[in-house]
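The values are calculated or read from the model by the stated rules, or taken from the named source; none is laboratory data. Predicted model only: the values in this text are computed from it and were never measured. No Cβ is skipped: glycine too gets one built from the backbone with ideal geometry, and neighbour counts run over all protein chains shown. Just so you know, the surface numbers come from the protein's heavy atoms only, side chains and all, with ligands and any DNA or RNA stripped out. Shrake-Rupley method; radii C 1.70, N 1.55, O 1.52, S 1.80 Å.
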Amino acid sequence: MSIASTVVLIKNLADAGLAGTDGGRIATGWLIVEDLLTVVILVVLPVLFGPGEVDAAAAAMGLGAALAKTALFMGLMFVVGSRALPHMLIRIARFCPRELFQLAVIVVALGTAVLAAWLFDLSFALGTFLAGVVVGGSKISHRVAAEAIPFQDLFSIIFFAIEADMPLCAGDILGLAGSAAQIEAALALLGRGRG
């Protein structure tokens, strides 16, 4: 919830024109510190409060392993990712259509999240956060930000759902799409009857 609330606050501050004020910068700074602490908590809590009873030695070993995985993933992202991801995005931006570049940005964000979860047993939020940090520090960060604006609300919703641990399955999504289609059809029929 922490990371999702930061996204919402920053969006609201920017919409209100308050992001650059002293209060806006202080609020954003506190939320970023909160997010970083949340990352540590996301790594530590599953180890300390996982299934079954764990003695102090096993908890210390599990905590050490979780922190080592996190450090390894962060190291790979900052050493390899900071070179490979921007280079790849620059080449795609130069030689491919705009739509392919947008798709590449989405694949980088979600792909990094999946790799963090599958290979390092870390959260999706941490993987995506680090992808954003790496790409945000590159020469192409302004283009990525501009191309990602249409998807900003979509990503906010996805990460809010992930952070809130909302269980959505494909059936739920198809049911929602079907309901939306029924409402749209009813509105279209009502609109025809008026004219």
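Quick notes
- Per this entry, V114 is counted among residues that are open to solvent by less than 60 Å² (accessible area, probe 1.4 Å), closer than 22 Å to A148 by Cβ, of a type outside the set (D, E, K, R) and without any contact (Cβ under 8 Å) to a residue 60 or more places away in the chain.
- Taken together, A104, A71, A27 contain a single residue that is farther than 29 Å from E147 by Cα, modelled with pLDDT of 80 or more and part of a helix (DSSP H, G or I), which is A71.
- Where a residue in the stretch 33-46 is closer than 15 Å to F120 by Cβ and assigned to a helix (DSSP H, G or I) and its partner, wherever it lies, is open to solvent by less than 70 Å² (accessible area, probe 1.4 Å) and of a type in the set (V, I, T), with Cβ under 6 Å and at least six apart: V43/T70
- Residue that is modelled with the highest pLDDT, among those in the stretch 45-68 that are under 24 Å from the mean Cα position of the chain (by Cα) and open to solvent by 60 Å² or more (accessible area, probe 1.4 Å): L67
- Residues in the stretch 78-92 that are open to solvent by 20 Å² or more (accessible area, probe 1.4 Å) and touching a helix residue (DSSP H, G or I) at 6+ places or on another chain (Cβ under 8 Å) were compared, and the one that is farthest from L48 (Cα to Cα) is I92.
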